[in-house]
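Okay, structure first, notes after.
The values are calculated or read from the model by the stated rules, or taken from the named source; none is laboratory data. Just so it is clear, the structure is predicted and the values come from calculations on it, not from any experiment. Counting neighbours? That spans all protein chains shown, and the Cβs are built from the backbone with ideal geometry, glycine included. Accessible surface is based on the protein model in full, side chains and every heavy atom, while ligands, DNA and RNA are left aside. Shrake-Rupley method; radii C 1.70, N 1.55, O 1.52, S 1.80 Å.
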Amino acid sequence: MDQEIKIGYSKKQIRVSLILGILFFGLFLSTILIDSDTYLSVSNGLLAALLLLSYAYLSRKPFLTITPDYFQTNGFPPKKIKRTEIVAIKHFAGEYTIRSAKQKIVIDVQFLEPESASKLRSTLDRLIASRN
């Protein structure tokens, strides 16, 4: 592999963050207009802000970046495993686990775009075949 592959989140996952963010923002506005309970309105506002920030982050950053040198997740906290440090790659129940001596990356295929999931499978199958 001589190019960078970006494995993105599924559109459904991204839309759920947007819809929940909009709903909690509506709750935030309604609690401000109807009720004077500041704790409830502040918590709804914070939750709406977190969900909308999550939407912005998920739509711009890929879940996983695969380069010729490393695998890197862009979550919190980000994880990076060099290809030379990979000890094991396992697939069980729709999850891939890439393990090094120090770190472990777990990739749940159900949260990925279908075309990205197929790219991931082919890349990991080639890596497994080259290691054997």
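Going through 87, 42 one at a time, which residue ends up being within 30 Å of residue 127 (Cα to Cα) and among the aliphatic types (A, V, I, L, M)?
The unique qualifying residue is 87.
Taking the range 76-88 only, how many residues are free of Cβ contacts under 8 Å to residues at least 40 places away in the same chain, of a type in the set (A, V, I, L, M, F, W, C) and either more than 26 Å from residue 60 (Cα to Cα) or open to solvent by 70 Å² or more (accessible area, probe 1.4 Å) (or both)?
Here the count works out to 3.
For residue 6, all conditions in the list (1) free of Cβ contacts under 8 Å to residues at least 40 places away in the same chain; (2) open to solvent by 80 Å² or more (accessible area, probe 1.4 Å); (3) at negative phi hold save one; what is the number of the exception?
Just one mismatch for residue 6, condition (1).
Consider only pairs whose beta carbons are under 7 Å apart and that are at least six residues apart or on different chains; among these, list those whose first residue lies in the range 61-75 and is in contact (Cβ under 8 Å) with a residue 40 or more places away in the chain and open to solvent by 20 Å² or more (accessible area, probe 1.4 Å) and whose second residue is in a loop (DSSP other than H, G, I, E, B) and among the aliphatic types (A, V, I, L, M).
Final answer for the pair search is 68/1.
Conditions tested, residue by residue: (1) more than 12 Å from the chain's Cα centre (by Cα); (2) more than 20 Å from residue 15 (Cα to Cα); (3) among the acidic types (Asp, Glu).
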site: 51; (1), (2), (3): yes, no, no
site: 66; (1), (2), (3): yes, yes, no
site: 79; (1), (2), (3): no, yes, no
site: 123; (1), (2), (3): yes, yes, no
site: 127; (1), (2), (3): yes, yes, no
site: 130; (1), (2), (3): yes, yes, no
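Give all pairs with beta carbons closer than 7 Å in which a residue from the range 97-121 that is open to solvent by 90 Å² or more (accessible area, probe 1.4 Å) meets a residue that is among the β-branched types (Val, Ile, Thr); count only pairs at least 6 apart in sequence or on separate chains.
Pairs found: 99/87; 101/87; 119/5; 119/7.
Need a quick list: strands (runs of 3 or more DSSP E) entirely within the range 1-112 having at least 1 residues that are polar (S, T, N, Q) and out of contact with any Ser or Thr (no Cβ under 7 Å at 6 or more places or on another chain).
Answer list for the range 1-112: 64-66, 70-73, 95-100.
For the range 50-60, how many residues are open to solvent by less than 70 Å² (accessible area, probe 1.4 Å) and of a type outside the set (A, V, I, L, M, F, W, C)?
2
Conditions first: (1) surrounded by 17 or more Cβ atoms within 10 Å (Cβ to Cβ); (2) under 18 Å from residue 107 (Cβ atoms). Residue 28 passes all but one, so which condition is the exception?
Just one mismatch for residue 28, condition (2).
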